[in-house]
Structure formats: C-alpha cells, structure tokens
Amino acid sequence: MKRSELELRSLVELVAHLRSERGCPWDRAQTHDSLKNLLIEEAYETVAAIESQDMAELKDELGDLLLHVAFHVQIAQEHSSFTLQDVLNSIYEKIVRRHPHVFGAEPTQEIEKIKGRWEEIKRREGKGLSATALPALIEARKLQERAAQSNRELSVRPSQTIAALLSEPSEERLGELLFEIVARARELQLDPELALKRANAQFAKKIENILNHARPE
C-alpha cells in the first residue's frame, strides 16, 4: 500500500504484524492494562504540544495517540471483543445522538443549552457521576460543571477551608480546600490542571537553574 493511501485500518494491520510471531516480543506482550499509563503519558504529551503551539510536535503526538487506538483495537480483535468497525460505528452514532441541535429537531445556538442537553443525554445513556481514572483536578472540575448544569444549588460555595485545614490538618480538609480552589478556578474560567502544570514547569526551570549554577566548573 502506498503511503498516500494509509488509513486507520493500515495502522491496526501494522500493529497486528508487530504482535505476530514474526513481529516484536515487546509489542506481543502488551495488554489493555499494560498500555494504560503509556496512553495517559501520550495524552499529556499531546497537551504539551498544544500548549507550546508546536504543530510539528502536535502532529507526532497525535500519531502516537492513534497508535494507542490501533493497539487497543487489535488486542480487542484478537480476543473477539470488538473490531475497528465497531469502534467507528460507536463513536459515529454517539456524536450524532448527542447533537440533537444539529441532527435532530432541537435546534439551538446557545452553548449552555447545548452543554446541558449533552449531559442529559449522557445521563440517559447511564453515564453517571461516578469516580473515574481522570487526574483529580480535572475530575473535580468536570463533576462541578455537571452538578452546576443539573442543579445550581450543588455548586460549591465559599468557606473557611484554609482556616479549617490549619486548625485541623487532615487529608479530608486538604481535599475540601483543593475542591474549592477548583470551583473558584471554574468560576474564573481558568483550567486548574493546566495552571498547575505551568507552575510545575516554571518551578522545574528554577530548580534546574539553581542546580546548573551549583555545579563546579
């Protein structure tokens, strides 16, 4: 197959070859579970490429994400769990179903209404507010957004969480403080996960500068 004709199925077939007896032992040993952390790392590296506005890097990172999709599809196919076509059908049907303002009889251009309908459709699909594998800051923000859309009385209100933490140090109090920080960030339309990642990057540069200056010539 010519490079110009490559498609997602070609990538799945490439992974199938890597996992065959003629392929690579490492690729053959991988499972859905063994690839979980690597998938998370690739997602973060993709976000980092977007943050740096490096389009060449973003192209590469998106390719890495597609490789993970191909890996999971091929592993599933080997166990007769689902196929690439099943995945494509599922996401196609879901996107159409969750856009009644585009494909149905509920037209609207109001973003808040669209988000509310999206969450209502997810609830009808059985996608509840359960714990997820998301990083805690992202999970807290998403839970707060969904709570605010369904019942604004559930929105987080200001409290004396810092004072409470200092007077009664505990993981519970610390969790309450972090949850409130996420709530304040959401109100200000700021992303706490990205904010912390940027602060980490700035702090890492400071540490690196200190260590570089501390090294003997």
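Structure notes:
- Charge dipole (the range 1-97, unit charges on Cβ, about Cα centre) - positive-most of SER34, GLN77, ALA48: GLN77
- Charge dipole (debye, nearest 20) of the range 1-97; +1 at Cβ of Lys and Arg, -1 at Cβ of Asp and Glu: 420
- Simple label model, 7 Å out from Cα along Cβ direction - LEU188 to GLU106, nm: 3.4
- Estimated [θ] at 222 nm from DSSP helical runs (n ≥ 4, -39500 (n - 2.57)) normalised by residues in the chain, nearest 500: -22500 deg cm²/dmol
- Peptides 19-27, 47-55 ranked from most to least packed by the mean count of surrounding Cβ atoms within 10 Å: 47-55, 19-27.
- Relative contact order %, the chain, counting alpha carbon pairs below 8 Å whose residues are six or more apart: 11
- Counting neighbouring Cβ atoms within 10 Å and putting the fewest first, the residues PHE179, PHE82 line up as PHE82, PHE179.
- Charge dipole (Cα centre; +1 on Lys/Arg Cβ, -1 on Asp/Glu Cβ; no other charges) of the chain amounts to roughly 480 debye.
- Cα convex hull of the chain - mean projected area over all directions, nm²: 20.1
- Potential lengthening of the chain between LYS122 and ASP64 amounts to 18.0 nm, from the contour at 0.36 nm per residue minus the alpha-carbon distance.
- Phi angles across the range 12-25 convert, under the Karplus curve 6.51 cos²θ - 1.76 cosθ + 1.60 with θ = phi - 60°, into 3J(HN,Hα) values of 4, 5, 5, 5, 4, 5, 4, 8, 7, 4, 8, x, 10, x Hz, Gly and Pro given as x.
Each value in this text was obtained by applying a stated rule to the coordinates, not by laboratory testing. In this text, all values refer to a predicted model and were calculated from it rather than measured experimentally. As a convention, Cβ positions derive from the backbone with ideal geometry for all residues, glycine included, and neighbour counts pool all protein chains shown.
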